[in-house]
1. Got a number for residues in the stretch 282-319 being open to solvent by 10 Å² or more (accessible area, probe 1.4 Å) and away from the ligand (no atom under 13 Å from the Cβ)?
2. Please work out which one of (1) out of contact with any Phe, Trp or Tyr (no Cβ under 8 Å at 6 or more places or on another chain); (2) under 23 Å from residue 151 (Cα atoms) is the condition residue 88 fails and give its number.
3. Please verify whether residue 126 is polar (S, T, N, Q), crowded, with 20+ Cβ neighbours inside 10 Å, assigned by TED's automatic domain parsing to the domain that holds residue 87 and on the phi < 0 side of the Ramachandran plot, treating the condition exactly as stated.
4. Failed condition for residue 234, given (1) within 18 Å of the chain's Cα centre (by Cα); (2) part of a strand (DSSP E or B); (3) not hydroxyl-bearing (Ser, Thr, Tyr), with all others met?
5. Only residues that are assigned to a helix (DSSP H, G or I) and surrounded by 10 or more Cβ atoms within 10 Å (Cβ to Cβ): list them for the stretch 382-394, please.
6. Any residue in the stretch 147-166 that is at pLDDT 85 or above and β-branched (Val, Ile, Thr) sitting within a Cβ distance under 7 Å of a residue that is open to solvent by 10 Å² or more (accessible area, probe 1.4 Å) and within 13 Å of the ligand (Cβ to nearest atom)? List the pairs, counting only those 6 or more apart or interchain.
7. Does any residue in the stretch 377-389 that is at positive phi come within less than 8 Å, Cβ to Cβ, of a residue that is surrounded by 15 or more Cβ atoms within 10 Å (Cβ to Cβ) six or more places away or on a different chain, and which pairs are these?
8. Filter the stretch 20-38 down to the residues that are open to solvent by 10 Å² or more (accessible area, probe 1.4 Å) and touching a strand residue (DSSP E or B) at 6+ places or on another chain (Cβ under 6 Å), then identify the one that is nearest to residue 74 (Cα to Cα).
Amino acid sequence: MHHFIYKDNQLFCESVAIADIAEAVGTPFYLYSHATLTHHFNTFDKSFGELPHLTCFAVKSCSNLAILRLFSTLGGGADIVSGGELYRSMKAGIDPRRIIYSGVGKTEDELRYGLVSGILMFNIESEQELEKLQEIAREQEMVAPVSFRINPDVDPKTHAYISTGLAKNKFGIPIDQAEKIYLRAKEMEHIRILGVSCHIGSQLTDISPFTEALHKVKLFVNRLETLGISIDYLDLGGGLGVRYQDEKPPHPQEYARALSEEMEGLKCTLILEPGRVIVGNAGILVSQVIYTKRTQAKNFIIVDAAMNDLARPSLYDAHHDILPVIRKAGQAEEVLETADVVGPICETGDFLAKDRQVTVFEQGDLVAVMSSGAYGFTMSSNYNSRPRAAEVLVKDDQFFIIRNRENYETLIRDENIPDFLE
Ligand code: LLP
């Protein structure tokens, strides 16, 4: 369920006409619905009912402070992968005891920052990382809480770039090497073993890879028990898919039911790290048509958002619906044409949609790029020296700018010309 709907041919976000926001803020901008974010978070979290669990939102999917603050008020924790994400999560008010630190390449500074901040645990991904953390914890006279990320070698059946749980992927510790590392950690004075974790991929539309991974991890947890290592937390990562086009991902309740069944008999708290399923369909990207160019070969709709704003189509050939913010009134049936919706960047790969049946857009029309809440703004860049878009949050009949549009000043703010070039 989301709150982007047409009323009298005008696209609204909750009770605000999107065209009014465009008028006030300019384009392009990301737009999020407070009601949708809240609904998605609560639906997911409550699906697990009485099962002891913690929902740690994957900050990488959408990291605006206001949005993190919202999830923290709803009882959420955070799954982070960098010092920067730790910093913003804490600034947003997320309790460090609800923060999980994942990632294959945490630097020494990042490990120290996590440790002194009192996060719930580190998901360790290699033996060298474990040694490094032990060293840092000793120097800080602290004990570092850890879990190890197991690579269960399960095929998530998703795009190759976002599969992470196959033996050939860089992530985690192969399940057959994991026992050794747990035994090593058990001997370490400054390490406390808390859990086992795994994350097999993103945009999964099938439940079976999750249950298969969980089953393998469960057997492993039982094995650890026999070695005298007890596990308090089982972290299954994120990855539940959403509908962009015609996918039919399982409902969070279905997902929760399957996982709960598989958790039967385990006395651990389940940790989940959802990103996309919470924010994906809670945000859109709003842009404006700069020019249209209709040629023999193709029709091009040239808009003011580009691959630097939304990288997913260029990077993964991802589908995002393209809708008019204002439908042409008075037409009995919407007139469509096949076009490429492209940005102003100097690359052929700069497109938001290719050979797509879209409304016949004209110069000046507003365009909504749907399902852009996850991995949208967070993957944006300044390529072609384009200031990054604004972010706006709608709540009921009000809107709030939660990130100002960048400008030319901010673009060059951190650059220096050395004296010898003066
Ligand atoms: N936990 C870990 C350890 C992860 O690596 C990820 C995502 C998540 C949780 C959250 O996964 P989600 O619930 O959002 O599927 N940029 C790509 C997606 C990359 C996902 C990376 N890891 C995209 O735009 O499709």
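The values are calculated or read from the model by the stated rules, or taken from the named source; none is laboratory data. If you're wondering where the values come from, they're calculated on a predicted model, not measured in any experiment. Cβ atoms come from the backbone with ideal geometry, glycine included; neighbour counts cover every protein chain shown. Only protein heavy atoms, including side chains, enter the accessible area calculation; ligands, DNA and RNA are left aside. Shrake-Rupley method; radii C 1.70, N 1.55, O 1.52, S 1.80 Å.
1. 14
2. Unmet for residue 88, out of (1) out of contact with any Phe, Trp or Tyr (no Cβ under 8 Å at 6 or more places or on another chain); (2) under 23 Å from residue 151 (Cα atoms): (2).
3. no
4. Of (1) within 18 Å of the chain's Cα centre (by Cα); (2) part of a strand (DSSP E or B); (3) not hydroxyl-bearing (Ser, Thr, Tyr), only one is false for residue 234: (1).
5. 383, 384
6. Every condition considered, the pairs that remain are 150/172.
7. 384/306; 384/308; 384/344; 384/345
8. 34
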